[in-house]
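Working notes, beginning with the structure itself.
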Ligand code: ZN
């Protein structure tokens, strides 16, 4: 390529190196670091973040972008060069719109907010968190003004995680499947006694859980020559390069689900990152394109594969070898039903496939409400509980199990939640497209073969990294934009069958 383009790539890859070094420090902090290391680590992370931010928002980046753009003029939209310039220009615009003083204030307020939230949740005391949350909401609204939007301030916020997505579109998608979700869940819970998950709540040795889970995700195709699994309090996936993508897991020795499905989930994220084209390595295009698309990958492996009947017809005998006493007299079919039990629960991260999106809809309505000034922070707990009652038919017995449960708001993350639900919708749309190309996939899964599906994902989604936005990618892959029909039809089919509706 041209001289200026090469200079741009070299400049960006140095920034990328700083960011990835920060990721290593962050991973170490959650996996290995003794508590005494916290202060120094916070300083080291903030130094790296500051250097990276300064290098990226420097005029040098703008100049190189302009020069390289001229040099690559006329190259096809989907070429690596045109894509890199297009995506980085948007990143640059976004990051230079927030003044340094604002970023510093936001960082300070949210850093302090974490402890306030932890305390409020532990004491079930929303009033304690309220003034801090009011300050955060003010800052978030300010960010929306700096970033700019057409119709709704929330557009600016969601755009940071799902480029091009708007509040109106999310509302349309959510309203499009909420009534069918609500009626599916009430039909299912009328027959709650048809499925028992007692078998999952027994003593399950953590080392055995780990061995089985790792065996499964390796068979999915998580490449352990370029990956690793460790233990942390909050499970996550982190990327240092496409050839070093790590996951973490949390084990509960009395409950089989969190570690097993958590490993499948994080491995789904990791296989996306491992599958990014080698030609994008070291550039800002190496990585998943949006949180929604990322979540589509984790949810596909966790739910569509990992919670499918076919998968367990094959995998259950292996699981039984690991836990012969716990699973004595249990057959694959009843195990399959147990892991798919639907419950009107209060906690999002423990929610089943059927109720999950309703948890997100509650948060979306509240976030758009406070950002537009239609809902006061002071009223959030009541607004939360009202919605829970109308969508899920239950009222959280405490704010700790309600409005205070998630860490996101204390970190100033508003506009993030919808991507979880969008990921669920995309997972089914992509999977259905893969089935059209390869109708043999379900039979292969039932024989413990996953490579046709993984290669299809590599080919159609992973390799492109951030080249295309979520919507561009979804249109290329499925011929249409994100929609909820496939998802709701999948849920109605699956749970209608399990509950004999
Ligand atoms: Zn995830």
Residue 366 passes all but one of (1) away from the ligand (no atom under 16 Å from the Cβ); (2) part of a helix (DSSP H, G or I); (3) modelled with pLDDT under 95; which number fails? (3)
Would a scan of the range 318-329 turn up a residue that is buried (at least 19 other Cβ atoms within 10 Å of the Cβ) and closer than 23 Å to residue 420 by Cβ? no
Taking residue 433 as meeting all but one of (1) away from the ligand (no atom under 14 Å from the Cβ); (2) in contact (Cβ under 8 Å) with a residue 60 or more places away in the chain; (3) under 23 Å from residue 307 (Cβ atoms), write down the number of the exception. (2)
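This table checks each residue for (1) under 19 Å from residue 133 (Cβ atoms); (2) buried (at least 24 other Cβ atoms within 10 Å of the Cβ); (3) within 16 Å of the ligand (Cβ to nearest atom).
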{"site": "385", "(1), (2), (3)": "yes, no, no"}
{"site": "388", "(1), (2), (3)": "yes, no, no"}
{"site": "395", "(1), (2), (3)": "no, no, no"}
{"site": "407", "(1), (2), (3)": "yes, no, yes"}
{"site": "416", "(1), (2), (3)": "yes, no, yes"}
{"site": "422", "(1), (2), (3)": "no, yes, yes"}
{"site": "425", "(1), (2), (3)": "no, yes, yes"}
What residue, among those in the range 164-193 that are in contact with a helix residue (DSSP H, G or I) (Cβ under 8 Å, 6 or more places away or on another chain) and assigned to a loop (DSSP other than H, G, I, E, B), is surrounded by the most Cβ atoms within 10 Å (Cβ to Cβ)? 165
Which fully enclosed helices (runs of 4 or more DSSP H) of the range 203-308 have 1 or more residues being more than 16 Å from the ligand (Cβ to nearest atom) and at pLDDT below 95? none
Checking residue 40 against (1) modelled with pLDDT of 95 or more; (2) surrounded by fewer than 16 Cβ atoms within 10 Å (Cβ to Cβ), only one condition comes out false. Which one? (1)
All conditions in (1) part of a helix (DSSP H, G or I); (2) away from the ligand (no atom under 16 Å from the Cβ); (3) within 24 Å of residue 432 (Cβ to Cβ) are true of residue 319 except (3)
Only residues that are without any contact (Cβ under 8 Å) to a residue 12 or more places away in the chain and over 14 Å from residue 91 (Cα atoms): list them for the range 47-58, please. 47, 50
Would you be able to tell me the number of residues in the range 202-213 that are within 16 Å of residue 261 (Cα to Cα) and surrounded by 14 or more Cβ atoms within 10 Å (Cβ to Cβ)? 7
Which condition number in (1) at pLDDT 95 or above; (2) in a helix (DSSP H, G or I) is the one that residue 101 fails? (1)
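The values are calculated or read from the model by the stated rules, or taken from the named source; none is laboratory data. Since the model is a prediction, treat every value here as computed from it, not as a measurement. Here Cβ is always computed from backbone atoms with ideal geometry, including for glycine, and neighbour counts include all displayed protein chains.
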